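The values are calculated or read from the model by the stated rules, or taken from the named source; none is laboratory data. Note that the structure is a prediction, hence the values are computed from the model and not measured. All Cβ positions, even for glycine, are placed from backbone atoms using ideal geometry, and neighbour counts span all protein chains on display. These accessible areas exclude ligands, DNA and RNA; they are computed on the full protein's heavy atoms, side chains included. Shrake-Rupley method; radii C 1.70, N 1.55, O 1.52, S 1.80 Å.
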Amino acid sequence: MNFDGTVALVTGAAHGIGAATARRLHGEGATVVVTDHDADAAAGLARDLGARALGIACDVHDRGSVDAAVDAARAAFGRLDVLVTVAGGSVPTPDPEQVSDEEWARLVDLNLTGTMRCVRAALPLLHESPRPAVVMVSSVNGLAAFGDEPYSAAKAGLSVVAKNYAVRYGPAGIRFNVVAPGTVRTRVWDGQDGALERLAPHYPLGRVGEPEDIAAAIAFLASGDAAWITGVTLPVDGGILAGPLRSMFPER
Ligand SMILES: NC(=O)c1ccc[n+]([C@@H]2O[C@H](COP(=O)([O-])OP(=O)(O)OC[C@H]3O[C@@H](n4cnc5c(N)ncnc54)[C@H](O)[C@@H]3O)[C@@H](O)[C@H]2O)c1
């Protein structure tokens, strides 16, 4: 039980990777603040988890909403030890010749500035924790060219923000790390018929990821086992970045 006695706040925790992370941390003993802009689903997951869980509405686009969620966590539990920022995602945008400033800014706001808002709100409580840790969810899109430029730029930004925060807050003992998932089976792939099956053989490990694969890496980076790890971006990607062309040379 790596997280006994700790309080963790997870953003984007109602579905997919965030929900798996909330379940994992809760299963390892954490009290979990399940936050999401889908307030009903956040409350539902918190109810499922039972004791040591609280569902709170939180839209990372909105500073007031983020600050209020952290305040609610403080009021309920009096502390915060772990922050996991999962809220994010992409929507199709026009080609670079046509993309509007607003479309670009919206994706940067969701995936990068929204994360900063959460860190800013959480820092006063993290400073009071004996074992504070922040884990941000990026993407392999932040590490190589897979399209979706505004989303990818925002995710890439997380890695350098985490490095800077790691250096700035290292002396206070607050660790900042990033997990960069490859393709993960969540609802974002619903409606893209056969996409996951088509992608799986390109992964050296022969399958796409499950939300629990990412939750396990997040739990490790948030835990005391990672006490001397800060400022890193860990790809959790079935090897796709290690050998993107591997599937073209099966005989070698
Ligand atoms: N699924 C993948 O293949 C994949 C790959 C790489 C990275 N990621 C990243 O993992 C994270 C989780 O994605 P997922 O696949 O689990 O998708 P998902 O849609 O299942 O989960 C995203 C969660 O964020 C919440 N959310 C969206 N906008 C929000 C906002 N403004 N404020 C608060 N919450 C908000 C959603 O309600 C949802 O619960 C995202 O940051 C995504 O970019 C996903």
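For the stretch 189-196, the criterion of a residue being of a type in the set (D, E), under 25 Å from L126 (Cα atoms) and surrounded by fewer than 17 Cβ atoms within 10 Å (Cβ to Cβ) is satisfied by no position. Hey, any hits in the stretch 142-152 for a residue that's aromatic (F, W, Y) and either out of contact with any Leu (no Cβ under 9 Å at 6 or more places or on another chain) or open to solvent by 50 Å² or more (accessible area, probe 1.4 Å) (or both)? Yes - at least one qualifying residue is present in the stretch 142-152. Looking at the structure I just gave you, is A162 buried (at least 22 other Cβ atoms within 10 Å of the Cβ), near the ligand (Cβ under 9 Å from one of its atoms), closer than 24 Å to A122 by Cα and modelled with pLDDT of 95 or more? When the stated conditions are applied, A162 does not pass them. Scan the stretch 167-205 residue by residue and report those that are over 24 Å from A154 (Cβ atoms) and free of Cβ contacts under 8 Å to residues at least 24 places away in the same chain. If the condition is that a residue be over 24 Å from A154 (Cβ atoms) and free of Cβ contacts under 8 Å to residues at least 24 places away in the same chain, then P171, D193, G194, E197, R198, A200 are the ones that fit.
Residues that are aliphatic (A, V, I, L, M) and out of contact with any helix residue (DSSP H, G or I) (no Cβ under 6 Å at 6 or more places or on another chain) were ranked within the stretch 105-124; the one that is nearest to A219 (Cα to Cα) is V119.
At least 2 residues being within 13 Å of the ligand (Cβ to nearest atom) and open to solvent by less than 20 Å² (accessible area, probe 1.4 Å) is the threshold, and among the helices (runs of 4 or more DSSP H) wholly inside the stretch 43-134 those reaching it are 63-77, 114-128.
Among the residues of the stretch 1-23, those that are of a type in the set (S, T, Y) and under 10 Å from V86 (Cβ atoms) comprise T11, T21.
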